[in-house]
1. If a residue has to be within 19 Å of V62 (Cβ to Cβ) and open to solvent by 90 Å² or more (accessible area, probe 1.4 Å) to count, how many in the range 1-13 make the cut?
2. Any idea which residue in the range 14-50 is most open to solvent (accessible area, probe 1.4 Å), counting only those that are of a type in the set (V, I, T) and not in a helix (DSSP H, G or I)?
Amino acid sequence: ATSRTSAVAGAIAGIFREQEYANVQAIGASAVNQAVKALALARDYLAEDGYDVVSIPEFVDVDIDGNIRTAIRINVTPR
């Protein structure tokens, strides 16, 4: 939730350039909000390099210190 949007966007774009896909996970409304803003910015960064990407969200269960939490995973893939 407190991550800099541009830094997260740069990381997403960098991983996508290396692997041709990226996954972002977030738990909580503020974190999901920041993740979505970072994905929009990363999409612009990648478009400058000729990539056309889509983001596909899904729910996942994550174990954090023995507690199961529901997270949003957003998969970034080529269109």
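1. Matching residues across the range 1-13 total 1.
2. Here is the first cut: in the range 14-50, the residues of a type in the set (V, I, T) are 15, 24, 27, 32, 36.
Next cut, not in a helix (DSSP H, G or I) only: 24, 27.
Working: V24: 21, I27: 56 Å².
The selected residue is I27.
Rundown of residues vs (1) on the phi > 0 side of the Ramachandran plot; (2) touching a residue at least 60 places away in the same chain (Cβ under 8 Å); (3) touching a helix residue (DSSP H, G or I) at 6+ places or on another chain (Cβ under 7 Å), yes/no style:
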| site | (1), (2), (3) |
| --- | --- |
| G14 | no, no, no |
| R17 | no, no, no |
| E20 | yes, no, no |
| A31 | no, no, no |
| L46 | no, no, yes |
| P57 | no, no, no |
| V60 | no, no, no |
| D63 | no, no, no |
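The values are calculated or read from the model by the stated rules, or taken from the named source; none is laboratory data. Every value quoted in this text rests on a predicted model; they were computed, and no experiment measured them. Methodologically, a virtual Cβ is constructed for each residue, glycine included, from the backbone with ideal geometry; neighbour enumeration extends over all protein chains shown. Only protein heavy atoms, including side chains, enter the accessible area calculation; ligands, DNA and RNA are left aside. Shrake-Rupley method; radii C 1.70, N 1.55, O 1.52, S 1.80 Å.
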